[in-house]
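Take a look at the structure below.
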Amino acid sequence: MLPRVTDANSHFWRGGEHGRLQFLRCTPCGTWIHPTSPRCPACLSKELSVEAVSGRASVLTYTFNHQPWVPSPDHPYPIAIVEIEEQEGLRLMTNLVHVAGEDVAIGMAVQVVFEQHEDVWFPLFEPADPKLRRGVGR
Amino acid sequence: MSLRRKAAITGIGQSEVGRRLMRDPLDLTLDACLAAIEDAGLTREQIDGLSTYPGAMGPAGFSGAGISDVHDALRLPLRWFNGGPEHPGQLGSVVEACMAVACGMANHVLCFRSVWEATAQGKGRRQGLGVGGGAGGGGARMTGMMEYTIPFRAYSAANWIALYAQRHFHEFGTTREQLAWIALNARRNAALNPKAIYREPMTLEDYLAVRMISTPLCLYDCDVPVDGATAFIVSRAELGGDLRRTPLFVESVGTALKGRPSWDQFDDLTTMALRDAGRALWEDTQLTPADVDVAELYDGFSFITLAWLEALGFCGRGEGGSFIEGGERIGLAGELPLNTHGGQLSAGRLHGYGFLHEACVQLWNEAGERQVPGDPQVAVAAAGGGPLAGCLLLTAT
Ligand SMILES: [Zn+2]
């Protein structure tokens, strides 16, 4: 099930086409904003622009979903909330990929990879440490 | 200005509750509403307010009736009404009824919540996917909260709560053996409740052996969908003395939400919105957590109850696991009897309203075999998880 892409969120959902994880950022105060909003929640400015982050993040928490809510070949699969390196509290819910289940841990350093579904690129995260990466797909 | 003791619960009602009753959900709703009106010693002509959560909305089974359905079926002469999903939790609809009577907008507000999820799921119309609509599949694209959860196959509140539970385990060393006591205590109490769904004994071994849903939550950490409806009469406090029952005064309410209204963006990934609502409950009362005789705390998932215990100050932050461990403290004869009817885990998902109903039953000393001893005078009822949270403190004197 895919997100509805609009003018307001296409930078986020389609940035992956060019390998970029993008958010709105406030020009006067530098705050990164997610999900999107017409104003900066910190200073209320409307001067916002789309910028890319490094793609580095850390795992704040995770869960392995076992329940077949929707048929899928890869149960259990890891769902995580990650915090983007550029700003405390800049978070995404996502999936961890290319990782062995026993290596998943809170605090783990991860980096973004993209997976295309139709006209949307999902930002997923794999271990930053190459030694922890596995070839398993999502 | 204060809401303190300006509103009272003067009647309660509940329909038949069960798995796949295959009954018209409005029929169930009216059973509960009429029972509550009669319980208060009122007639429907005296009901001048109506309030509900979440109002008429999908997905199938999530709401059995809206304001207009009940208004029209009972031909109520309303002066005030209110229904919708954007409340401080399910019991926010009762809090708003308290506000309405406190400021003279109504004398007697009928509050109701009805669900028919078991029948809806049985008909294959809903698979327990995320609450709040928008996850209907069929090629529909996700918006709002679902936009940032469903694409990552975090389909269910089970996943979202599991993320909080895992973080709590990580920060505070909470274990599944501790969390189990929410489910075990509920089942122990359900055995004494004739209306509960699951009443056979459950052991710690049973709990640890059952299949996982979303780590660290197993099947027994998840509540059971049912069909059923619950209703209350909220009256102006000064009118309560003329009615059939001893009024249960609403001493205080907790509706605060200071963090971001979001599952994944809330600042503290161990507490959820209940942190703010729970703390606010004590801001307008002389009572303290030590005065509470019985606690009925939402358990749509077991971890939510643990989080409410901390949020309401029954134990310190991060101490919920050790507080419940062994189950003695939270048993019927313990220092804080908890979820005395079996909670939603064992008595069925009446979606928040069941907890307030049980709080009233206990304060009126009508809980039969599961009655908390010692004539309880003060009860907390709390509902909601994630960004939904609201709670009430009731007193019998
Ligand atoms: Zn700004």
Stokes-Einstein diffusion coefficient of segment B:287-397, Kirkwood radius over Cα pairs, 10 °C, 1.306 mPa s, in µm²/s: 116
What relative contact order, as a whole-number percentage, does segment A:10-130 give when Cα pairs under 8 Å and 6 or more residues apart are counted? 24
With a 1.4 Å probe and every protein chain left in place, tell me how much accessible area B:M99 has, in Å² to the nearest 10. 100
Considering the zone a paramagnetic label at B:E328 would reach in this model (a point 7 Å from Cα along the Cα-to-Cβ line), which residues of segment B:156-195 have amide N under 19 Å from it? B:177-186, B:188-189
Expressed in nm to one decimal, what extension gain is obtained for the pair B:K123 and B:D284 from 0.36 nm per residue of sequence separation less their Cα-Cα distance? 53.3 nm
Separation of the A:E51 and B:D291 label points, Cα + 7 Å toward Cβ, nm: 5.1
Taking R0 as 30 Å and r as the Cβ-Cβ distance between B:T175 and A:D119, the FRET efficiency 1/(1 + (r/R0)^6), rounded to the nearest 0.05, comes to 0.10
At 7 Å along the Cα-to-beta-carbon direction for both A:A105 and B:T203, put a label point, then send me their distance in nm to one decimal. 3.5
What is the magnitude of the charge dipole of chain B about its Cα centre, with +1 placed on the Cβ of each Lys and Arg, -1 on the Cβ of each Asp and Glu, and no other charges, expressed in debye to the nearest 20? 820
So which lysines pass the test for B:K195, namely a Cα distance under 29 Å, with those fewer than 8 places away in the same chain ruled out? B:K123
Translational diffusion of segment A:10-130, µm² s⁻¹ [Kirkwood Rh, Cα pairs; Stokes-Einstein; 37 °C; 0.692 mPa s]: 215
Each residue of segment B:207-212 in turn: what ³J(HN,Hα) in whole Hz from Karplus with 6.51, -1.76, 1.60 and θ = phi - 60°, glycine and Pro shown as x? 4, 6, 8, 6, 5, 7
Quick one: 3J(HN,Hα) in Hz for segment A:52-61, Karplus 6.51/-1.76/1.60 with θ = phi - 60°, rounded, Gly and Pro as x. 8, 9, 5, x, 7, 7, 10, 7, 8, 6
Within 11 Å, Cβ to Cβ, of B:V226, how many net charges do the neighbouring residues add up to if Lys/Arg are +1 and Asp/Glu are -1? 0
Which three numbers, in whole Å and largest first, are the semi-axes of the equivalent ellipsoid of segment B:18-72 derived from its Cα gyration tensor as √(5λ)? 22, 14, 8
Using a 1.4 angstrom probe with every protein chain in place, what is the largest-first accessible-area order of A:E51, B:E335, A:E126, B:E325? B:E335, B:E325, A:E51, A:E126
What does the convex hull of the Cα atoms of the protein assembly as shown come to per residue, in Å³, rounded to a whole number? 147
Under a 5 Å amide H to amide H cut-off, with H placed in plane at 1.01 Å, what residues pair with B:E251 once short-range neighbours are removed? B:R5, B:L393, B:L394, B:T395
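The values are calculated or read from the model by the stated rules, or taken from the named source; none is laboratory data. Just so it is clear, the structure is predicted and the values come from calculations on it, not from any experiment. When we count neighbours, we look across all protein chains shown, and the Cβ atoms used for this are built from the backbone with ideal geometry, even at glycine. Quick note on the areas: whole protein, heavy atoms, side chains included, nothing else; ligands and nucleic acids left out. Shrake-Rupley method; radii C 1.70, N 1.55, O 1.52, S 1.80 Å.
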